[in-house]
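All remarks here apply to the structure that follows.
Each value in this text was obtained by applying a stated rule to the coordinates, not by laboratory testing. Keep in mind it's a predicted model, so treat the numbers as computed, not measured. Here the Cβ is made from the backbone with ideal geometry for all residues, glycine too, and neighbour counts use every protein chain on show.
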Amino acid sequence: MPTKLLVSIACGLLFALVHAQSGPPLIDLDYQQVVSPTCAQFINSFSQSEEFQSCRPISFYVSTSMQFTRMAETNVSDIDEILSASCSIEEVSCQEPLQSIRKQMISKQSCGSDLATGNTVADKIFQALANHHLYQRIGCLKELDSGEYCLANIYQTRASSSLYRLPFGEEFNASNSSNTQICSLCSKKVMDIYSRFGAQWLNKLTFTYEAAREWFSNNCGESYTRIMSAETSSASTAFRWLWLITFLPVIW
């Protein structure tokens, strides 16, 4: 691996570790009482590991950290600092450890039974692992004028943050926001990433994107949306079947 890349990775990990202690927890869901003992033990173990903490995956902040959401609604500067720590890490340094955690999670010895029976908390944590790559893209987008992170700004303006939770199966909801707030360049970039890359990962975007695309097309203009490519959707479907064929025997 080139020396320059190694230095970049090391600096990113060090920056994240420095801020890890002061930032919100990546998982503050009350999972202990709602998942099986083996699953709870697995989540507790990996969530406290240094390799997981040092990655500071944005997908966990968005879906499993209630404290992050509360902070985002009150102090954008704090959230900008947290996102800077996450976005400074070279993605390649976290790809292998997070993939390993995800594969371990579906085994019967950890959370396989919980996932097979549709446990919502276990599924949310699994989706956060599966969506890591996608959220390192949309979570690191910035406003052109202010330089603020789009994700931080959408909480501050009270625009619908549901746009950032489509990959977790949440339907898009614009009821509490004006079109001016939602029809932004940030939203356009997020929707573009979803349409081109979103369904490549094991997420629920294929079930939520179309309704959001229709809303943006009707209220913001067709330039805000594009149809998710057939190749991308087909790849997603094939990947889901591959996952089932490969890992369900392990779960059962």
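A compact table of results
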{"read-out": "Order of PHE197, PHE207, PHE68 under a 10 Å beta carbon neighbour criterion, fewest first", "value": "PHE207, PHE197, PHE68"}
{"read-out": "Within straight-line cross-link reach of LYS142, lysines at Cα separation under 24 Å, skipping those fewer than 8 residues along the same chain", "value": "LYS188, LYS189"}
{"read-out": "Normalised contact order of the stretch 25-149, rounded percent, pairs of Cα under 8 Å and 6 or more residues apart", "value": "35 percent"}
{"read-out": "Where only C-alpha atoms are counted, convex hull volume of the stretch 22-152 per residue in Å³", "value": "99 Å³"}
{"read-out": "Aspartates and glutamates with Cα under 20 Å of LYS103, excluding same-chain neighbours fewer than 8 positions away", "value": "GLU50, GLU51, GLU91, ASP114, ASP123"}
{"read-out": "Average projection area in nm² (convex hull over Cα atoms of the stretch 156-227, one quarter of hull surface)", "value": "4.3 nm²"}
{"read-out": "Residues with amide H under 5 Å from that of LYS142, placed H, sequence gap 5 or more", "value": "CYS150"}
{"read-out": "Extension gain from ASP30 to GLU170, taking 0.36 nm per residue of separation minus the Cα-Cα distance", "value": "48.4 nm"}
{"read-out": "17 Å cut-off, amide nitrogen to a point 7 angstrom out along GLN41 Cα→Cβ, residues in the stretch 74-116", "value": "104-115"}
